[in-house]
Structures are given as structure tokens and as C-alpha cells.
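Peer 1: Structure below; questions to follow.
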Amino acid sequence: MIKVIDPVIRLPHVHSIGVIGDPGCEGLGTYNMKVYAGALEESGKDDITLIAGDLVPEGTKHYYEAIREMTELLAGNDVYCLRGNHDTGDYMEYFGEKNYALLTADFAVVVLDNAIRSFEEQGLSLLARVLAMDEVQQVIIAFHIPVPNHFILNCVSQEEFSRLRDTYMPWKEKVKYLVCGHVHSRFEDLVDGIPLICTGGGGAMIEDVSQDIRAWDVEHHIVHFYAEDGRVKHRISDLSEDCYRREREDDILRRKLEETVQGELTAHFQYLMFADRAGRRGLENMAGLFQALAASEYYHARNFYSVLDRPAPFTESAGSFVPGERFEYEHFYRMMADYAQENKSPLARQAYAGAAAAEKVHACLLKQAADMENYSAAPVYVCPICGYVMTEDSLPDRCPVCGGPRRQYEKFGEA
């Protein structure tokens, strides 16, 4: 990662730049950082990378050192940074100037700090200086918090935008793009006749930002800027949920990760079962402790598994689980129940037979959920004794598999 010392940096051999938005504001855990790792690999196809703010959840040395170490291990090119509202404290110690300009072979990128929702005079003066250069004919202005637009209200004030506009107005024809982050989504707009690209898809969880911009419609992504036929252009690269694979390609590490996932999940179940036993004896404080420990083990397992996971695209994910459920109830569980019966192991037989009945319902529900956008099923109930799954239109007084009473069913979803 480059620490910027000079406000104007000439990069005559650079012809393209990848922009990554908001990788770390929700935390630097493995689950989130897998997306950032994939974004760095995709951005490595460009000559340099710019992170459009919110590298870290909080601007302390601990987090800056963590993001710097990971970035330098994974990046395929030089990485420049832009300060976001989470990047406070020691930012300048690690990344240098908050306002600077990159003069590439084909265009200039002027980085302006507006992390506290105002543009600094130093940055605006630099912008005017760069725009006035005869050698500079195409400029991308990059900052963290959006300027006023047609999509969201989470932006700087109109007064602040006017200060920016007054600065570039004498050379407006040179300004080809405005680029920002901050919003954990993506949209494109025209602001003062200039294309605005808001990109926050480099690690933070994509979120709904309005009725027009739903999380459903946006993937994690980066933005490539490049010159073609003498003009600066852009394209969006969506990141697949299988966007990073390095650890999976190491056979030893992959096997150890698989073993670790199994160990963490075993601990998760052990703690949950002990919490249940403690609760049945009235030891609520003890039950709470072990429920917390179980949750911690689950999140550990999730982090390890996320390194290995190769999920289908989200819009196809629900349906992708159906074959596995069908195999379990049609073949594997039935086979194991028969084996247990033949070998006089009634508890194992009971567990496999009960699970098979539930897996059949799982497959049915997953088929319905495959149309994810239009899925609107009634609440689902789970028997806590055997795990059988029921819906309201087939809700008996006792579980049809184990006989557990209706009053104990766990309800998931709203009516």
C-alpha cells in the first residue's frame, strides 16, 4: 500500500485503475475479508488500485496494520487509499496525504477528503491546480461521501457540493467522472451533467438503500477505469461469491481447514446441548453462558468454512441445495436406517429415519424458495425434539415423527 508523500504523483506508465469501495467498515473478519481478497485479485488486472474509503472499522493502529498486511499479501499492483468516515485517527501515519492527484498516462485522478462531510480547502485548491494544467484533459474526482443525487439522501450538503462545483466549473469539460463510496451498494447517476458512480461493494455487506436500489439487485463489485480511443471509460466487474480461492489450492491447508470446521461445529453442538440441559434444570445463567459459547464456535466455523466455500450465485443458491437434501432422504439416510435396524441399533435407526422425514420437507420448501424474489411462504415450525419441519397448513398437535407436543415447536418467520 502506497503512503502518499507528494500531493501530485506522476504515473506515466499507468493506463488503468481499479476502484474498490468500503472493504472494512463492518469489520475485518474472515467472512467479510474474503470479498475484499477477491476484489484485490480482480483489481490486480489494472495498473493500480484505489480504495474509495472505509478500509477499517475504526482508525486505530491495530486495524490499519491488519488491513495493510492483508492488502500487501494479496494485491497484484500498487494500492492507493482514500479516507472514509471510518478511517480516522492514525490514517495519515499509514497512508499519508488525504488530498492528492495521480497523473496517469491518459487521465488524472484527484483524491479529495470529505470524510467528515466537508471538502478541505487544501483539496479544492489542489483540484483547481490540476484542472488548470494544460497536460491534463480528463479528470476523475474521487471522494468518499456522495454528493447530492437522485437516489439517496446520505450525502454531503448542497452547500458543500457547491464549493466543489465552484472549484471545477472553469474547467468542467475536463471532469469526466465523480466517484465515491460510503453507500454499501452501487448506483450511477448524472450530477451537474457529470457521471457519478457510487461504489461500496468491496467487502461490506450489500444493503438496501432505497426502493430503487435493493440489496437483491446489486452484487459485490469493483469499478475499472481505463482509456479507449483517447477517452476515459469505465466498466463494472461483479465479484462472484467464489471470488477468492488461494487457500483452497493448498492441499494441506484445505484439509486442515476442513478438519477445523468439523471441530468447531462439534463444539458448537456440544455447547448447545449442555445449554439445553442446564436450562431444563433451571440454571439459566449457565445456559446463557453455553449458548454464547456455542454462538462463538459457530462464527469460528463460519469463518473457516468461508475460506473453503464455493457457493452458487446468490439468486440461484436456494435451489442449489435441493439435490443434497434429496440424496439424503432418498438414499443415504434410508440406507443407514436399514443398516442400523439390521444391526440392532434402534437409536441410530430412529435418528436417521426422523432426519430423512425432515429432509424430504426441506427439499419441498427449498423448491418453493428457489424463486427467491417472489418467495412468501407462511411461518415454518421446527420440532425441537427430532428436527421435523412443518408449516401452518400442516401443523399437528403432536409431531408426526416423534410425538413432541405442539407447545414446544419453534417458530421461524412471520405470519
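The values are calculated or read from the model by the stated rules, or taken from the named source; none is laboratory data. Note that the coordinates shown come from a computational prediction; the quantities given were computed from them, not determined experimentally. Positions of Cβ are generated from backbone atoms using ideal geometry, with glycine treated the same way; all protein chains shown enter the neighbour counts. SASA here: full protein model, heavy atoms, side chains in, ligands and nucleic acids out. Shrake-Rupley method; radii C 1.70, N 1.55, O 1.52, S 1.80 Å.
Peer 1: Mean Kyte-Doolittle of at least -1.0 and a Cα length of 27 Å or more along the axis: which whole DSSP H helices of the chain meet both?
Peer 2: Membrane-span-like by this criterion, though nothing is claimed about a membrane: 251-280, 284-308, 346-369.
Peer 1: Determine the distance separating the Cα centre of the stretch 337-415 from the Cα centre of the stretch 180-199; give it in Å without decimals.
Peer 2: Here the answer is 46 Å between Cα centres.
Peer 1: Further question on the same structure: Build a GNM of the chain with springs between Cα atoms under 10 Å: which of Gly18, Gly38, Gly387 gets the top mean-square fluctuation?
Peer 2: Gly387
Peer 1: Hey, another quick one. Going by a ≥ b ≥ c, the root eigenvalues of the Cα gyration tensor, does the stretch 154-227 fall in the rounded group (a/c under 1.5), the prolate group (a/b larger than b/c) or the oblate group?
Peer 2: It is prolate, given that a/c is not under 1.5 and a/b is the larger ratio.
Peer 1: Sticking with this one: Rolling a 1.4 Å sphere over the protein heavy atoms, what is the accessible area per residue of the chain, to the nearest Å²?
Peer 2: I get 51 Å² per residue for this part.
Peer 1: Now, a different point. Checking the a/c ratio against 1.5 first, then a/b against b/c, what shape does the Cα gyration tensor give for the stretch 254-407?
Peer 2: Because its axes are fairly even, with a/c under 1.5, the stretch 254-407 counts as rounded.
Peer 1: Grab the Cα-Cα distance for Glu120 and Thr391, subtract it from 0.36 nm times how many residues apart they are, and report the gain in nm with one decimal.
Peer 2: Between Glu120 and Thr391, full extension yields 91.8 nm more.
Peer 1: What's the local net charge at Ala294, with K and R +1, D and E -1, over the other residues with C-beta under 12 Å away?
Peer 2: Local charge sum for Ala294: -3.
Peer 1: Taking only Cα atoms and a 10 Å spring cutoff, compute GNM fluctuations for the chain and point out the largest among Lys344, Lys233, Lys61.
Peer 2: Among Lys344, Lys233, Lys61, the largest GNM mean-square fluctuation belongs to Lys344.
Peer 1: Using protein chains only and a probe of 1.4 angstrom, how many square angstrom of Ile116 are accessible, to the nearest 10?
Peer 2: Solvent-accessible area, nearest 10 Å²: 130 Å².
Peer 1: For the pair Lys344 and Asp309, how long in nm is the line joining their label points, each one 7 Å along Cα→Cβ?
Peer 2: Taking the two extended label points, one gets 4.5 nm.
Peer 1: Give me the lysines in straight-line cross-link reach of Lys360: C-alpha distance below 30 Å, same-chain residues under 8 apart excluded.
Peer 2: Lys344, Lys411
Peer 1: Of the DSSP beta bridges with both residues in the chain, give the percent that are antiparallel, rounding to the nearest 5.
Peer 2: In the chain, approximately 55 percent of DSSP beta bridges are antiparallel ones.
Peer 1: Given that just one value was derived from the coordinates, which of [x] 1.09; [y] 1.22; [z] 1.03 is Cα Rg over 2.2 N^0.38 Å?
Peer 2: Label of the calculated value: [y].
Peer 1: Lys and Arg at +1, Asp and Glu at -1: add these up for the other residues within a Cβ distance under 12 Å of Asn85 and post the number. Display every interim value, and only then the final one.
Peer 2: Numbers: positive: Arg83, Arg117; negative: Asp22, Asp54, Glu58, Asp87, Asp113.
Result for the local shell: -3.
Peer 1: Accessible area, 1.4 Å probe, largest first: how do Arg117, Arg281 sort?
Peer 2: Arg281, Arg117
Peer 1: Please give the Cα centre distance for the stretch 33-90 versus the stretch 273-320, rounded to the nearest Å.
Peer 2: Centre-to-centre (Cα) distance: 30 Å.
Peer 1: Express the carbon and sulfur contribution to the solvent-accessible surface of the chain as a percent, rounded to the nearest whole number, probe 1.4 angstrom. Could the numbers behind the result be given before it?
Peer 2: Details: 10730 of 21250 Å².
That fraction is 50 percent.
Peer 1: Still on this structure, please answer the following. Which residue, Glu219, Glu120, Glu93, tops the fluctuation ranking in a GNM of the chain built on C-alpha contacts under 10 Å?
Peer 2: Evaluated over the chain, the most mobile residue of the options is Glu93.
Peer 1: Using only the Cα atoms of the stretch 1-108, build the gyration tensor, take square roots of its eigenvalues as a ≥ b ≥ c, and label the shape rounded, prolate or oblate: rounded if a/c is under 1.5, else prolate if a/b is larger than b/c, else oblate.
Peer 2: Oblate shape, in that a/c is at least 1.5 and b/c is the bigger or equal ratio.
Peer 1: Using a 1.4 Å probe and ignoring any ligands, DNA or RNA, find the accessible area of Val382 and quote it in Å² to the nearest 10.
Peer 2: My reading of the accessible area for Val382 is about 40 Å².
Peer 1: Return the unpartnered cysteines for the chain, using a Cβ-Cβ cut-off of under 4.7 Å.
Peer 2: Cys25, Cys81, Cys155, Cys180, Cys198, Cys243, Cys364
Peer 1: Next question, about the same structure. Tell me, what is the 1.4 Å probe accessible area of Tyr31, in Å² to the nearest 10?
Peer 2: Number for this one is 100 Å².
Peer 1: Quickly work out the Met205-to-Ile2 label distance, labels modelled 7 Å from Cα along the C-beta direction, and quote it in nm with one decimal.
Peer 2: So the label points at Ile2 and Met205 sit 3.4 nm apart.
Peer 1: Which pairs, out of Lys3/Lys233; Lys61/Lys233; Lys3/Lys61; Lys98/Lys172, put more than 25 Å between their alpha-carbon atoms?
Peer 2: On the way: Lys3/Lys233 27 Å; Lys61/Lys233 36 Å; Lys3/Lys61 15 Å; Lys98/Lys172 23 Å.
Cα-Cα > 25 Å for Lys3/Lys233; Lys61/Lys233; rest within.
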